[in-house]
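> Here it is, the structure in full.
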Amino acid sequence: MSSEPTPTTTPSATPAPVRFTRVARLLHWTMAVMVVAILFIGAFMVTSVGDFRFLVTVHEPLGIAILLFVLVRIGWRLTHTPPPLPPGMVRLDRLAAKYSERLLYALLLVQPLIGWAMVSASGEPIVLFGSLYLPHIAPQNITLFADLLRAHIAAAYLLYLTFAAHLAGVLVHTIVIRDRVLDRMAFWRAPGYGSEAPPR
């Protein structure tokens, strides 16, 4: 009597989600570094008097770089379907992820434009690098400048809060829920990864 070996089964690990494309991940992490940098610079500009002019020379071109990057990201997002969220994510979390991301895109698009218009209204030149200047997009007007300054500050606080909420959500899903949502945007290769978006 012959017996065939009984196949052994091993418990399967949580399936890893499909990743964003390499281009999307590169844009995401580059923008994340730039946003953290400009938020810190903005905070230092409020408290630092001696280094204010130097911080302005960094803040303005960095803001324009973020504006260009977010335009590229929006264009990429509209032409490339993102990978699905983890299947176990509840509906409320899905809605929070969706609309917080849209709010971040909107703020990163509007905030540099407000700053650009604010500097234009002040009458100050908008220097990118060396002798490269941006055109003014608003008339020189002290009242308009004050209004835009208030709008710029309010949008900055909203950006701080939205960015912090986004980061907190990612940390909760990574450390507490452990549904590997961060793996979708990671460059490191997580254990058990079997698929990812094709390189582009």
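The values are calculated or read from the model by the stated rules, or taken from the named source; none is laboratory data. It should be emphasised that the depicted structure is a prediction, and the values quoted were computed from it without experimental measurement. With ideal geometry, Cβ positions are generated from the backbone for all residues, glycine too; neighbour counts draw on all protein chains shown.
> Of the residues that sit in the stretch 144-191 and are basic (K, R) and not in a helix (DSSP H, G or I), which one is nearest to L103 (Cα to Cα)?
R180
> Would you check which residues across the stretch 139-152 are under 18 Å from P61 (Cα atoms) and either aliphatic (A, V, I, L, M) or in contact with an Asp or Glu (Cβ under 7 Å, 6 or more places away or on another chain) (or both) and list them?
The answer is L149, and nothing else.
> Further question on the same structure: Going by the structure shown, is L78 under 24 Å from the mean Cα position of the chain (by Cα) and more than 19 Å from Y157 (Cβ to Cβ)?
So L78 passes the test.
> Does at least one position in the stretch 117-129 carry a residue that is among the β-branched types (V, I, T), over 14 Å from the mean Cα position of the chain (by Cα), within 30 Å of R178 (Cβ to Cβ) and surrounded by fewer than 16 Cβ atoms within 10 Å (Cβ to Cβ)?
Scanning the stretch 117-129, I find no residue that is among the β-branched types (V, I, T), over 14 Å from the mean Cα position of the chain (by Cα), within 30 Å of R178 (Cβ to Cβ) and surrounded by fewer than 16 Cβ atoms within 10 Å (Cβ to Cβ), so the answer is no.
> Which residues, taken from the stretch 1-39, are β-branched (V, I, T) and modelled with pLDDT under 50?
The answer is T6, T8, T9, T10, T14.
> Based on what the data block shows, is R94 loosely packed, with under 14 Cβ neighbours inside 10 Å and among the charged types (D, E, K, R)?
Considered against the rule, which asks whether it is loosely packed, with under 14 Cβ neighbours inside 10 Å and among the charged types (D, E, K, R), R94 comes out as yes.
> Still on this structure, please answer the following. Looking only at the stretch 39-89, which residues are among the acidic types (D, E) and buried (at least 17 other Cβ atoms within 10 Å of the Cβ)?
The one that is among the acidic types (D, E) and buried (at least 17 other Cβ atoms within 10 Å of the Cβ): E60.
> I'd like to check something: does the stretch 132-143 contain any residue that is part of a helix (DSSP H, G or I), farther than 22 Å from H166 by Cβ and more than 23 Å from the chain's Cα centre (by Cα)?
yes
> Among the residues of the stretch 79-118, write down those that are among the hydroxyl-bearing types (S, T, Y) and not in a helix (DSSP H, G or I).
T81, the sole residue that qualifies.
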